[in-house]
Amino acid sequence: MSYQSEVNAAATAITGKAGWESISAESVARMRLQNRFKTGLDIAKYTAAIMRRDMAAYDADPAKYTQSLGCWHGFIGQQKLISIKKHFGSTERRYLYLSGWMVAALRSEFGPLPDQSMHEKTSVPALIEELYTFLRQADARELGGLFRELDAARTAGDNVKAQAVQNQIDNFQTHVVPIIADIDAGFGNAEATYLLAKKMIEAGACALQIENQVSDEKQCGHQDGKVTVPHEDFLAKIRAIRYAFLELGVEDGIIVARSDSLGAGLTKQIAYSREPGDIGDQYNSYLDCDEIDVSQVGNGDVVISRNGKLLRPKRLPSNLFQFRAGSGEDRCVLDCINSLQNGADLLWIETEKPHIGQIAGMVDRIREVVPHAKLVYNNSPSFNWTLNFRQQVYDAWAKDGRDVTAYDRAKLMSVDYDGSELAAEADERIRTFQRDAAARAGIFHHLITLPTYHTAALSTDNLAKEYFGDAGMLGYVKNVQRAEIRQGIACVKHQNMSGSDIGDDHKEYFAGEAALKAGGVHNTMNQFAA
């Protein structure tokens, strides 16, 4: 609806109401436009449609991959979208990611926790709601600035300028974008997964990512000791999420099925099998077993029968069963195919390194069965990107017969190599990794799970070193405030960013000339007007 249509609609609602004569239709229209999304479900439906369109666009052209950055606070998410709009003019194909890891590390009432699903499950939907609160406030703030420009143009009698600003209002692009939200392993059984999924969807999430680890044994995807569940258990949770989406009317909701099998060598359960070759039998076929006869069955042993043979799966003192070494990739491919055939929309394969060839090899096998299989991929800070890619270049050069005697493969992280030809090629491969992986390895969405965890630590370290050192206040002024001004960072006007001007507008709507506004001539924020 256009700006003028909103004004007209508000005028219709007001006209004829006794005692409403002082209510301004234009002010009502402005407030409505600044609050386009009334509920989290409005947001989930809107953003799910965006993701579905983007997925179709990627299928037609892999160059149209999508990206996101992880965030642990609403303000961080808001600033990312403000920056995206400032630098690129559009939020197209750019999302936010909500990492369970960062919730555990930074948002738990227990204090910092490892990525083991020990944090409060309610903190995840709470962060989704917080993120969208800040994104909606970014809309209100930017539109509020446009409304002020419109009023100024009208006051100056500049009709051309007024029409131009009104066109900007009519074509305003919201900061509200899809959030891919991490539900870990579901925080319990399928019912618990369903209940938590509902809370996350009601908060605004259009895409939920769930992994095939055991909920009460969950580990970080890049740590050892991961334990997976049989396919039927995982599919029950995928169905639970789909039911949650459908119950709430978000029919386009997206489920991202994550397989941790590549690095998971253990299972807590032997899958139930109805007949040879079924989904349970396939899962069990990767168990590390010893062939035995009946006389060798010991007290408390678990045995299975396959092809007329009696097999005893190897069980650890932890009561976990282990898979055969080297079976991870096959199990991962099986996970992905079963997930896509049973309600998942996208895949997430947790790898131990960012290697396009490795990812593509698995995706090629998956696409033999499900042609349009697409991945969400974690461009993880857990990888040493510099070392990994320098080693990849080193290995490629060695394979091609190039002279690599000037390099020590085990020490390629050394600063001594930073200006080398090998380092330059490695950096170029890192620069084009997302584009190349989208084209070759079926990666629809690239994300960095924990970027702002690291940027917050790095920037704080630099500020502390300067401010508490010889630089003193110059450490802040030169490296923070002056940089904000030079780069046009809106947050330099922190009162405006926190909603001061929005509040002033409302005061004027509510009290007219009697409004006591904060943004007068004595507001120090005016020092940043230029």
Stretched fully, the stretch from ARG482 through GLU109 gains (0.36 nm per residue minus C-alpha distance, one decimal, in nm) 130.7 nm
Net length gained if the chain between GLN67 and GLU352 were fully extended (0.36 nm per residue, minus Cα distance):
100.6 nm
Report, for the chain, the % of DSSP beta bridges that are antiparallel, rounded to 5.
30 percent
At 7 Å along Cα-to-Cβ for each site, give me the label-to-label distance between ASP288 and CYS491 in nm.
4.7 nm
Within the stretch 66-176: Cβ-based charge dipole about Cα centre, in debye rounded to nearest 20 (Lys, Arg +1; Asp, Glu -1)
260 debye
Taking a straight Cα-to-Cα line shorter than 29 Å from LYS314, and setting aside same-chain lysines fewer than 8 residues away, one finds LYS218, LYS226, LYS237, LYS268, LYS353
Given unit charges at Cβ for Lys, Arg (+) and Asp, Glu (-), the dipole magnitude of the chain about its Cα centre in debye, nearest 20, is 720 debye
Rounded, prolate or oblate: pick one for the stretch 194-319, where a ≥ b ≥ c are the square roots of the eigenvalues of its C-alpha gyration tensor, a/c under 1.5 means rounded, and failing that, prolate if a/b is larger than b/c, else oblate.
prolate
Which one of ASN384, THR267, VAL214 has its Cα pushed farthest toward the positive end of the charge dipole of the chain, where Lys and Arg give +1 and Asp and Glu give -1 at the Cβ?
ASN384
Principal-axis tilt of helix 385-399 within the chain, Cα atoms, nearest 10 degrees:
50 degrees
Whole-Å distance linking the alpha carbon centroid of the stretch 439-495 with that of the stretch 364-415 is 29 Å
Residues LYS411 and TYR243, FRET efficiency given R0 of 56 Å [Cβ-Cβ distance, rounded to 0.05]
0.60
If I take R0 = 35 Å and measure r between the Cβ atoms of LEU458 and ALA49 in this structure, what FRET efficiency does the formula 1/(1 + (r/R0)^6) give, to the nearest 0.05?
0.45
Here are labelled values, (i) 25.6; (ii) 24.2; (iii) 26.4, and one is the computed Kirkwood radius over Cα pairs in Å for what I pasted. Which one?
(iii)
Per the charge dipole of the stretch 93-165 (beta-carbon charges, Lys/Arg positive, Asp/Glu negative, Cα centre), the residue among ALA153, LEU127, PRO112 reaching farthest to the positive end is ALA153
Using a basic spin-label model with each label point 7 Å from the Cα along Cα→Cβ, how many nm lie between ASN171 and PHE528?
2.9 nm
Given a Förster distance of 30 Å, the FRET efficiency implied by the Cβ-Cβ spacing of GLN322 and ALA192, rounded to the nearest 0.05, works out to 0.65
Please report how far the C-alpha centroid of the stretch 101-168 lies from that of the stretch 315-363, rounded to the nearest whole angstrom.
37 Å
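Read-outs: derived from the displayed coordinates by stated rules, not from any lab. Every value quoted in this text rests on a predicted model; they were computed, and no experiment measured them. So basically every Cβ, Gly included, is an ideal-geometry build from the backbone, and we count neighbours across all protein chains shown.
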